[in-house]
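Accompanying notes for the structure given below.
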């Protein structure tokens, strides 16, 4: 069995190379155009050369793997967003489209952008898809709603689609595992955002604000963290920093089956994905760390 230190190192490295590939769909001009065709608003504009998503399309398209569920379910699955933002966005989405149509648009947008940025047959794609799928097939779905919804969709059946779907499965498995980890430590959506901003070296109350939380919610969340001894003014206490590190270690532990399924092929997988992820990012298909406030 892999030791905890190696597990954390590999789990975080895998996330680094998978994230720009899987999540490029949220910044894909091709996806934005497909959603406009369904009646959604266009991208609200670029940030750092990357086309930002319309939020109604974002919530509806990402959550559609769960079926035609209400916004309350989508907000719970995504974890960190203010339901007051997510619920009406999803309601509007279901007025415009249905799960099948927006899932088709999402798949088209994801694969069209990857082909534009990487070419039709990027080196190592088939092998990477094989290894990512092996990892996803070994992963557990318990407590992981988005991962399980995606897995229920199956593989699209074309090489780029199969590659992207496998990357998205691995990405959402870690995301679901992360929510399980912070909920288990009695943090709520506002609190994990506030703690993560400081843990990641960002300005206090910066990234978390992009998840729809207003000043009143952020003030109240900060007060709760101070009462628990996790925050001193606008800085993490040693206990706060250790708790956030513990959340990340627990997230890594939730990836054990994923990492162990890749096994001895881990370095090969990273060597394939690393340049592909860099190309996507350099081509404006995914925000830079500074632009996105990545944790």
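The values are calculated or read from the model by the stated rules, or taken from the named source; none is laboratory data. Since we're looking at a predicted model, the values are computed, not measured. No Cβ is skipped: glycine too gets one built from the backbone with ideal geometry, and neighbour counts run over all protein chains shown.
Considering only residues that are closer than 19 Å to residue 232 by Cβ, part of a helix (DSSP H, G or I), out of contact with any helix residue (DSSP H, G or I) (no Cβ under 6 Å at 6 or more places or on another chain) and touching a residue at least 40 places away in the same chain (Cβ under 8 Å), which ones fall in region 184-220? Scanning region 184-220 gives 196, 198. Against the list (1) without any contact (Cβ under 8 Å) to a residue 60 or more places away in the chain; (2) out of contact with any strand residue (DSSP E or B) (no Cβ under 7 Å at 6 or more places or on another chain), the condition residue 86 fails is (1). Looking across region 1-45, the residues that are under 30 Å from residue 260 (Cβ atoms) and not in a helix (DSSP H, G or I) come down to 1, 2, 3.
Inside region 29-48, can you point out the residues that are on the phi > 0 side of the Ramachandran plot and at pLDDT 95 or above? Result: 39, 45.
Just give me the residues in region 106-125 being surrounded by fewer than 16 Cβ atoms within 10 Å (Cβ to Cβ) and under 14 Å from residue 28 (Cα atoms), in sequence order.
First, the residues of region 106-125 that are surrounded by fewer than 16 Cβ atoms within 10 Å (Cβ to Cβ): 115-116, 119-121, 123.
115, 116, listed by residue number.
Per-residue answers, yes or no, for (1) closer than 30 Å to residue 187 by Cα; (2) buried (at least 17 other Cβ atoms within 10 Å of the Cβ):
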site	(1), (2)
20	yes, yes
37	no, no
46	no, no
58	yes, yes
65	yes, yes
83	yes, no
88	yes, no
99	no, yes
104	no, no
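When you scan region 254-295, how many residues do you find that are modelled with pLDDT of 95 or more and assigned to a helix (DSSP H, G or I)? Number satisfying all stated conditions: 27. Residue count for region 213-252, restricted to those that are farther than 30 Å from residue 5 by Cβ and within 24 Å of the chain's Cα centre (by Cα): 5.
Which residue, of 165, 174, is within 18 Å of the chain's Cα centre (by Cα) and either more than 18 Å from residue 253 (Cβ to Cβ) or in a loop (DSSP other than H, G, I, E, B) (or both)? So that I can check it myself, show each step before the final result.
Values: 174 fails: either more than 18 Å from residue 253 (Cβ to Cβ) or in a loop (DSSP other than H, G, I, E, B) (or both).
Of the residues listed, the single one that is within 18 Å of the chain's Cα centre (by Cα) and either more than 18 Å from residue 253 (Cβ to Cβ) or in a loop (DSSP other than H, G, I, E, B) (or both) is 165.
The number of residues in region 92-110 being free of Cβ contacts under 8 Å to residues at least 40 places away in the same chain and either under 13 Å from residue 54 (Cβ atoms) or in contact with a helix residue (DSSP H, G or I) (Cβ under 6 Å, 6 or more places away or on another chain) (or both) comes to 2.
For region 138-162, the set of residues classified as in contact (Cβ under 8 Å) with a residue 24 or more places away in the chain and more than 19 Å from the chain's Cα centre (by Cα) consists of 138, 156, 158, 159, 160, listed by residue number.
Here is the figure for region 65-79: residues that are under 15 Å from the mean Cα position of the chain (by Cα) and either assigned to a helix (DSSP H, G or I) or farther than 17 Å from residue 177 by Cα (or both) total 6.
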